[in-house]
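Remarks on the structure that follows.
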Amino acid sequence: MTIISYDEKYLQQIIDLILHIQNDEAKIDLPLSEQPDLLDIYNNYIKDGGGFWIAVHNDTVIGTIGLMKKNDSCGILKKFFVKQDYRSQRIGYRLYQTLLTYAESISLRYIILDTPSVAVKSHAFYDKSGFRRITKAELPIEYHYPDRDSLLYMIDLEIK
């Protein structure tokens with residue numbers, strides 16, 4: 001398994017993996033039409049200084065994570081998914097460390113994210129990784145997210 005920066009040749013695999021986890025596993029019924037960032041990863045993540053990474057095994061996408069850079073101090077962690085068969089192999093941790101290392105290298109102070117309220121295992125990961133749950137009023141930037149049943153989290157990289 002290797003973690004690589006986004007490569008357009010994997011776009012359909014990325015979309016398929018994310019939609020499967022969101023809709024078949026988590027049952028949050030979030031169509032691709034409400035996630036236009038997936039159709040243009042370069043312009044939504046990379047162009048403005050963020051990043052998007054994928055875990056690949058035998059030329060198959062098994063994990064994803066993205067960082068949208070919103071301003072000089074804040075980014076949004078998005079599209080953090082690992083294929084079910086690989087979740088016990090620390091792939092998520094490696095993807096997260098890749099994102100975190102990059103965020104620190106570009107001097108971000110905050111990373112925020114939204115996660116479905118039903119994603120209890122994800123909540124445990126974020127809690128253990130130094131994120132804290134916040135309210136919409138505590139967001140350091142204006143941020144809109146498609147799942148109305150989400151929890152918000154934030155990490156302050158200066159005090160992590």
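Using a Gaussian network model on the chain with a 10 Å cutoff between Cα atoms, which of 61, 82, 120 fluctuates the most?
Top of the fluctuation ranking is 120.
Under 5 Å between amide H atoms, partner at least 5 residues away or on a different chain: which partners does residue 80 have, H built in plane at 1.01 Å?
For residue 80, the qualifying residues are 66.
State the extension gain, in nm to one decimal, for the chain segment bounded by residue 106 and residue 13, taking 0.36 nm per residue of separation less the distance between their alpha-carbons.
Full extension of this stretch gives 30.6 nm more.
Amide H of residue 157 versus every other amide H placed in the peptide plane: which residues, excluding those fewer than 5 positions away on the same chain, fall under 5 Å?
Correct list: 110, 111.
Between residue 23 and residue 136, what is the spin-label point distance in nm, taking each point 7 Å from the Cα along the Cα→C-beta axis?
2.5
Going by the alpha-carbon gyration tensor, a ≥ b ≥ c the square roots of its eigenvalues, is the stretch 67-160 rounded (a/c under 1.5) or, if a/c is not under 1.5, prolate (a/b greater than b/c) versus oblate?
oblate
How large is ³J(HN,Hα) for each residue in the stretch 149-155, as worked out from phi by the Karplus curve 6.51 cos²θ - 1.76 cosθ + 1.60 (θ = phi - 60°), to whole Hz, x for Gly and Pro?
Using θ = phi - 60°, the values come out as 10, 8, 9, 9, 9, 8, 10 Hz.
Could you give log10 I(q)/I(0) at q = 0.12, 0.17, 0.19 Å⁻¹ for the chain, computed by the Debye formula over C-alpha point scatterers of equal weight, without solvent?
Per q value, in the given order, log10 I(q)/I(0) is -0.47, -1.03, -1.35.
Can you compute the modelled spin-label distance between residue 60 and residue 129, with each label point 7 Å from Cα toward Cβ, in nm?
Going by the 7 Å Cα→Cβ label model, 2.4 nm.
If r is the Cβ-Cβ distance from residue 158 to residue 118 and R0 is 41 Å, what FRET efficiency results, to the nearest 0.05?
My answer for the efficiency is 0.85.
If the chain between residue 89 and residue 144 were fully stretched, how many nm would it gain, using 0.36 nm times the residue separation less the Cα-Cα distance?
Between residue 89 and residue 144, full extension yields 16.6 nm more.
Residue by residue, what Karplus-based ³J(HN,Hα) values in Hz, rounded to whole numbers, does the stretch 49-56 have, using 6.51, -1.76 and 1.60 with θ = phi - 60° and x for Gly and Pro?
x, x, x, 8, 10, 10, 9, 10
Is the C-alpha gyration tensor of the stretch 1-62 telling us rounded, prolate or oblate? Criteria: a/c under 1.5 is rounded; beyond that, a/b larger than b/c is prolate, otherwise oblate.
Verdict is oblate for the stretch 1-62.
Values quoted throughout were computed directly from the atomic coordinates according to the rules given, and no laboratory measurement underlies them. Given the structure is predicted, the values throughout are model-derived calculations rather than measurements. For neighbour counting, all protein chains shown are included, and Cβ atoms are generated from backbone atoms with ideal geometry for every residue, glycine included.
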